[in-house]
Amino acid sequence: IPVMKSFIGSDQIEKRASIERIITEWEKFYSRNRNYRDLTKVNSLEEFKKKTDKDHRNIIIRNPVKYLIDSGKGYFRRGVNGSIELADELENYLGNETFIKHYKDILEFREKDYYYRRFRKNN
């Protein structure tokens with residue numbers, strides 16, 4: 001979810017998400033609602049906050065970025081310096097209001113589903 005959110009710009013979906021932007025979204029997501037519990041080797045919010053950007057970068061590139069590229073059917077590719085990019089074929093849609101609306105709607109659904117699955121697992 002944080003990697004996908006890092007593509008959202010002010011008025012369009014960005015073609016490239018820098019590793020710095022991904023780390024920012026990653027920290028926001030895992031700092032709230034005890035989401036840090038889903039990360040391996042992190043037992044508290046304090047422990048999560050002690051992680052450096054380099055620690056986050058290594059985890060992000062090894063896990064969500066790698067799997068998004070591997071399973072994204074060509075829609076995602078590795079960029080420079082840890083960034084991730086959308087395929088050139090999507091460029092015409094990045095500023096399209098309908099595409100942006102659906103992209104945000106999908107992310108909202110995925111986040112709700114994330115919390116629903118976590119709730120079901122714990123009850």
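The values are calculated or read from the model by the stated rules, or taken from the named source; none is laboratory data. Every value quoted in this text rests on a predicted model; they were computed, and no experiment measured them. FYI the Cβ positions are ideal-geometry reconstructions off the backbone, even for glycines, and counts take in every protein chain you see. We work out accessible area using only protein heavy atoms, side chains counted, and drop any ligands, DNA or RNA first. Shrake-Rupley method; radii C 1.70, N 1.55, O 1.52, S 1.80 Å.
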Residues of the stretch 78-114 that turn out to be open to solvent by 90 Å² or more (accessible area, probe 1.4 Å), of a type in the set (S, T, N, Q) and more than 17 Å from the chain's Cα centre (by Cα), as a count: 1
Within the stretch 43-54, take every residue that is surrounded by 12 or more Cβ atoms within 10 Å (Cβ to Cβ) and more than 20 Å from residue 119 (Cβ to Cβ) and give me the one that is farthest from the chain's Cα centre (by Cα). 47
Considering the stretch 12-40, residues that are touching a residue at least 60 places away in the same chain (Cβ under 8 Å) and among the small types (Gly, Ala, Ser), and then whichever is surrounded by the fewest Cβ atoms within 10 Å (Cβ to Cβ), we arrive at 18
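Results for (1) assigned to a helix (DSSP H, G or I); (2) in contact with a Ser or Thr (Cβ under 8 Å, 6 or more places away or on another chain); (3) farther than 22 Å from residue 8 by Cα, shown as yes or no for each residue.
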position: 55; (1), (2), (3): yes, no, yes
position: 81; (1), (2), (3): yes, yes, no
position: 92; (1), (2), (3): yes, no, no
position: 108; (1), (2), (3): yes, no, no
position: 111; (1), (2), (3): yes, no, no
Got a number for residues in the stretch 1-11 being part of a loop (DSSP other than H, G, I, E, B), open to solvent by 30 Å² or more (accessible area, probe 1.4 Å) and in contact (Cβ under 8 Å) with a residue 12 or more places away in the chain? 2
Please indicate, with yes or no, whether at least one residue in the stretch 76-97 is at positive phi and in contact with a helix residue (DSSP H, G or I) (Cβ under 7 Å, 6 or more places away or on another chain). yes
